[in-house]
Amino acid sequence: MGATQALNQIRKATEKKDEPTVDISTLPPPGPNSPLAFYHATQKMFVFSAPHSGGGHVWVDLPRERYKVHLLAQGFGPRMVESILCWCEVNERIQYFGPVAGRAPGFYEDNGNRIVIDRGPTLLEPVPGEWCTLRKVLEGLLYFGETPETGEIQMDSFHGWVRSSVAALRAGRRQSQQVLVICGPEDCGKSLVQHLLTHFLGGRSAKAHRYFSGATSFNGDMLGAEHLIIEDDYMPSDMKSRLSLGAQFKQFAVGTESVSFNAKFQQAINLRAFFRVSVTCNDEPENLMVLPPLNGDIGGKILIVRASRFTMPMPTVSAEEKEVFWNTLYSEIPAYLHWLLNEFQLPDSRLDRRYGVSSWIHPAILSKVAETTPEEAFLSLIDKHFFYNIPDNTEPVERKAEDIRMDLLSSGDDYIRRQAERLLPLAHCAATYLARLSKINSRVIAPNTEKSRNWTIHLPEIHE
């Protein structure tokens with residue numbers, strides 16, 4: 001039996017002989033100037049657009065009995081109300097109701113899903129004006145602690161990243177964008193700038209560290225936030241978590257296809273949304289270890305600037321002073337956005353066809369992060385085992401990758417043995433790390449497979 005036939009039977013069972021039948025296909029919208037209601041089967045809620053006292057309409061979800069009250073209040077008879085409800089349950093089913101990052105309120109069909117978005121980002125309107133305080137904060141953080149050349153690159157990179165992101169969000173475009181990482185000393189203003197980024201991007205943010213590190217599979221809270229925030233205080237530094245973080249960078253920041261969202265007690269759904277990811281971390285090696293290895297795959301999808309401690313342009317000691325300072329910064333955002341979208345010119349050398357601004361990693365940060373990769377840790381173990389623990393050894397190591405691995409795993413040095421067990425759980429790990437090292441470190445020479453399978457590791461300079 002078809003849906004229309006079933007609804008006709010329901011209608012006939014409830015109608016009186018002296019009243020005309022109701023053609024549910026021609027029913028008017030349930031509210032003034034609003035579309036037909038939708039039925040969210042998972043939540044067992046009816047979703048409809050209702051007039052708001054402040055003007056316009058808002059999207060509301062109500063259970064069946066409460067929605068019936070609204071229909072009756074609008075003048076629909078009891079039998080017509082039942083027809084509307086039954087029609088919605090069969091023909092107007094949706095798979096999701098709530099916010100989606102980068103989308104305005106309304107009904108959408110996305111990736112085979114019918115969804116209703118109830119609220120969108122709050123986009124501040126750009127207006128001409130001064131943004132002196134905000135300029136001093138950005139320049140103090142990214143420019144004055146660097147050489148003029150590096151400072152210019154950092155400022156252009158930051159402005160270019162923000163402009164590309166803001167322009168895409170306001171135009172409703174899904175555009176790839178690098179992850180923005182701000183590294184610097186503690187209490188230098190990194191988190192303040194991250195908070196400003198949220199308001200540049202619509203005023204909605206979510207803490208993404210638990211999902212990005214693999215600590216949870218639930219990420220439903222991220223679906224309604226354009227700005228995904230990660231702070232090193234909450235991120236683990238083990239290699240599995242770092243690799244998981246790199247994979248999420250590629251999916252949420254660089255990818256433009258749909259992402260799977262999974263909230264507790266709800267059906268997972270794949271939707272396209274607008275995201276920008278920012279990371280703040282201290283610039284000490286142990287803090288930088290939360291970042292994924294900056295190899296060729298990730299290095300081109302990340303933009304890392306170094307922050308410096310500076311004197312704030314306004315007093316920020318008391319709670320009242322901090323509030324005045326923040327209100328001043330917030331009031332200057334429209335002027336900054338106007339300058340960014342209408343006056344700022346990114347140098348041709350910094351333009352990028354895909355991202356709008358080319359990727360860049362501060363050299364000092366790159367050097368520190370490189371020391372935290374598993375291949376560098378592997379090389380340190382080789383140096384300690386074959387060179388530092390044997391003072392008279394002046395000859396390079398020439399051995400097969402698996403032989404090197406077994407030597408480390410059977411080392412008489414407890415530290416070397418424990419670290420080798422952690423770094424080299426599988427037989428192929430040693431060869432993989434040596435291959436990476438041979439591309440970036442002249443000390444490591446790949447074997448000539450026609451003559452030998454031996455890798456050559458020359459002495460470290462300090463030991464020569």
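The values are calculated or read from the model by the stated rules, or taken from the named source; none is laboratory data. Predicted model, so just to flag it, every value in this text is computed and none were measured. Using ideal geometry, Cβ is built from the backbone for each residue, glycine included, and neighbour counts are taken over all protein chains shown.
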- Query: In segment 320-354, which residues are more than 22 Å from residue 307 (Cα to Cα) and among the hydroxyl-bearing types (Ser, Thr, Tyr)?
  - Reply: 331, 349
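Yes/no per residue for (1) within 25 Å of the chain's Cα centre (by Cα); (2) closer than 29 Å to residue 430 by Cα; (3) not aromatic (Phe, Trp, Tyr):
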residue	(1), (2), (3)
277	yes, no, yes
281	yes, no, yes
302	yes, yes, yes
324	no, no, yes
- Item | Qualifying positions in segment 385-441 - of a type in the set (D, E, K, R), assigned to a helix (DSSP H, G or I) and under 22 Å from residue 452 (Cβ atoms) | 402, 403, 405, 407, 436, 439
- Query: Which of (1) assigned to a helix (DSSP H, G or I); (2) in contact with a Lys or Arg (Cβ under 8 Å, 6 or more places away or on another chain) does residue 146 not meet, given it meets every other one?
  - Reply: (1)
- Message: Cβ-Cβ under 9 Å, sequence separation 6+ or interchain: first residue in segment 394-418 and in the same structural domain as residue 453 (by TED's automatic domain parsing) and within 12 Å of residue 434 (Cα to Cα), partner surrounded by 14 or more Cβ atoms within 10 Å (Cβ to Cβ) and acidic (Asp, Glu). Which pairs?
- Response: 399/407
- Only one residue in 435, 364, 427 is more than 30 Å from residue 178 (Cβ to Cβ) and either small (Gly, Ala, Ser) or under 33 Å from the mean Cα position of the chain (by Cα) (or both). Which one? 427
- Query: Does residue 181 count as in a helix (DSSP H, G or I), modelled with pLDDT of 85 or more and crowded, with 21+ Cβ neighbours inside 10 Å?
  - Reply: no
- Pairs returned, first residue in segment 79-97 that is under 17 Å from residue 62 (Cβ atoms), second residue that is in a helix (DSSP H, G or I) and of a type in the set (D, E, K, R), beta-carbon separation under 6 angstrom, 6 or more apart or interchain, are 81/68
- Task: May I ask you to verify whether residue 349 is exposed (fewer than 12 other Cβ atoms within 10 Å of the Cβ), modelled with pLDDT under 90 and part of a helix (DSSP H, G or I)?
- Result: no
- Task: Output yes when any residue across segment 233-242 is within 17 Å of the chain's Cα centre (by Cα), at pLDDT below 80, surrounded by 20 or more Cβ atoms within 10 Å (Cβ to Cβ) and not in a helix (DSSP H, G or I), and no when none is.
- Result: yes
- Item | Residues satisfying the stated conditions in segment 386-426, i.e. of a type in the set (Phe, Trp, Tyr) and surrounded by 16 or more Cβ atoms within 10 Å (Cβ to Cβ) | 386, 387
- Task: Starting from segment 137-159, keep only residues that are acidic (Asp, Glu), then list their pairs with residues that are part of a loop (DSSP other than H, G, I, E, B) whose Cβ atoms are within a distance under 7 Å, requiring at least 6 positions of separation or different chains.
- Result: 156/346; 156/347
- In segment 294-337, what count of residues is obtained for those that are without any contact (Cβ under 8 Å) to a residue 40 or more places away in the chain, in a loop (DSSP other than H, G, I, E, B) and surrounded by fewer than 15 Cβ atoms within 10 Å (Cβ to Cβ)? 3
- Residues of segment 210-231 classified as surrounded by fewer than 21 Cβ atoms within 10 Å (Cβ to Cβ) and assigned to a helix (DSSP H, G or I), total: 3
- Would it be correct to say that residue 291 is among the hydrophobic types (A, V, I, L, M, F, W, C), at pLDDT 80 or above, buried (at least 16 other Cβ atoms within 10 Å of the Cβ) and assigned to a helix (DSSP H, G or I)? no
- Is it the case that segment 55-67 has a residue that's in a loop (DSSP other than H, G, I, E, B), modelled with pLDDT under 90 and at positive phi? yes
